1. Quick check on segment 40-68: of everything there that is of a type outside the set (A, V, I, L, M) and not in a loop (DSSP other than H, G, I, E, B), which residue is surrounded by the most Cβ atoms within 10 Å (Cβ to Cβ)?
2. Among (1) farther than 26 Å from ALA256 by Cα; (2) under 13 Å from the mean Cα position of the chain (by Cα); (3) among the hydroxyl-bearing types (Ser, Thr, Tyr), where does SER87 come up short?
3. Can you tell me which of ILE143, ILE137, ILE108 is closer than 27 Å to ALA250 by Cβ and among the β-branched types (Val, Ile, Thr)?
4. What are the residues in segment 194-209 that are farther than 25 Å from LEU272 by Cα and either crowded, with 18+ Cβ neighbours inside 10 Å or touching a helix residue (DSSP H, G or I) at 6+ places or on another chain (Cβ under 6 Å) (or both), if any?
5. Taking into account only those residues within segment 77-110 that are part of a helix (DSSP H, G or I) and buried (at least 20 other Cβ atoms within 10 Å of the Cβ), which is modelled with the lowest pLDDT?
6. So which residues in segment 53-77 are touching a Ser or Thr at 6+ places or on another chain (Cβ under 7 Å) and of a type outside the set (A, V, I, L, M, F, W, C), if there are any at all?
7. Restricting to segment 210-237, count the residues that are surrounded by 18 or more Cβ atoms within 10 Å (Cβ to Cβ) and touching a residue at least 40 places away in the same chain (Cβ under 8 Å).
Amino acid sequence: MVLEKTSKIGAPPQMHYTDDNISVSPLSLFSSYEQIDIELRKPHSMPTAHWHGQIEMNIPFGDDIDYVINGEDVTIQRGHVGLFWASVPHRLTNAGQSHNMGIINIPIHLFLSWPLSKELINQVTHGVVLQSKAIDIVSEFEINRWELETKHPDANRRQLSSDEICLMLKRICFDGWTSLLSSHVERANQNGVSKHSQFYVSQMLEYIASHHDTALTVNQIASHVGLHANYAMGLFQRVMQMTIKQYITAMRVNHARALLSETERSILDISLTVGFNSSSRFYQTFQTYLGVTPKQYRNLSRNNHNRTELACTS
């Protein structure tokens, strides 16, 4: 689901979750032209899941906050930095007594270009939710300053806030992190990634986003960026720590998980909506990734949501 924001001058933004947009594929949300988006506001529970293409950081102040991310319960502790790729369906279910939360959304191409631990990048791009081991590494004052500076007319001031956010993530790389939501990931290649590689992978991601609703092939993607297919596949895997096929399939499975949890659509309709050309192919891929059938996942997810809602209202 796509999150829309509207606000009046001097008033906090109001969030509107539109059911009309739940069919939007996470694959379509990449854009190399996006800027860092920062907000400091009181957190609130969300009526349903949403997703977007950026890397998201959440820093709650005052209390822990609870989420359902990809169908699983996750808690980010007060004062810690939570970090995940927001292309996975996520929903804040309980804000507790938090009086404020920093929300930082980083374009994926920018995140990949920063000199961060390849292990951290690997885990985030594979859908792992991370939490900083250290507490209070960033304050409400700093987040508020970054929010103002990202809107500053001077490009140097905007760059300053970006550099400071990158340094905060580097601090997490040094201090360590905890995996709150695990995923099957291989250990990252610790070799650096060149600007050359990042440029071409950004172009490939943007092409995938523009053609997410078609039958994508590696040859098409490589041809668009002017590279040999094998070379393009190697660059993509070096930067993203997954193959092009794994990336496309993971995004489609994530989308299916949200539609199974949040809508009454038939499984055939969902399989076609997320980009599979047959329900049998969808069943096979879904069960390979998650170990359960789409129908079983729908039942398990709704049972979990019901228990969460009961716990929040008790």
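1. Within segment 40-68, the first condition is being of a type outside the set (A, V, I, L, M), and the residues that meet it are 41-45, 47-48, 50-54, 56, 58, 60-64, 66-67.
If we keep only those that are not in a loop (DSSP other than H, G, I, E, B) too, we end up with 41, 50, 56, 58, 60-61, 66-67.
Numbers: ARG41: 13, HIS50: 23, GLU56: 21, ASN58: 23, PRO60: 26, PHE61: 20, ASP66: 18, TYR67: 24.
Per the criteria, the residue is PRO60.
2. SER87 satisfies all of (1) farther than 26 Å from ALA256 by Cα; (2) under 13 Å from the mean Cα position of the chain (by Cα); (3) among the hydroxyl-bearing types (Ser, Thr, Tyr) except (1).
3. ILE108
4. Just the residues of segment 194-209 that are farther than 25 Å from LEU272 by Cα, to begin with: 194-203.
Matches in segment 194-209: SER197, GLN198, TYR200, VAL201, SER202, GLN203.
5. Only one residue tops the list, namely HIS109.
6. Scanning segment 53-77 gives GLY53, PRO60, GLY62, ASP63, ASP64, ASP66, TYR67, GLY71, ASP73.
7. Within segment 210-237, residues that are surrounded by 18 or more Cβ atoms within 10 Å (Cβ to Cβ) and touching a residue at least 40 places away in the same chain (Cβ under 8 Å) number 1.
Quick grid of which residues meet (1) open to solvent by 30 Å² or more (accessible area, probe 1.4 Å); (2) modelled with pLDDT of 90 or more:
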site	(1), (2)
VAL253	no, no
THR263	no, no
SER266	yes, yes
LEU272	yes, no
PHE276	no, no
SER279	yes, no
GLN284	yes, yes
GLN287	yes, yes
GLN296	yes, yes
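The values are calculated or read from the model by the stated rules, or taken from the named source; none is laboratory data. Here the structure is a predicted model, which is why all the values come from computation and not from measurement. Neighbour counts are summed over all protein chains in view; Cβ atoms, including those assigned to glycine, are modelled from backbone coordinates with ideal geometry. We work out accessible area using only protein heavy atoms, side chains counted, and drop any ligands, DNA or RNA first. Shrake-Rupley method; radii C 1.70, N 1.55, O 1.52, S 1.80 Å.
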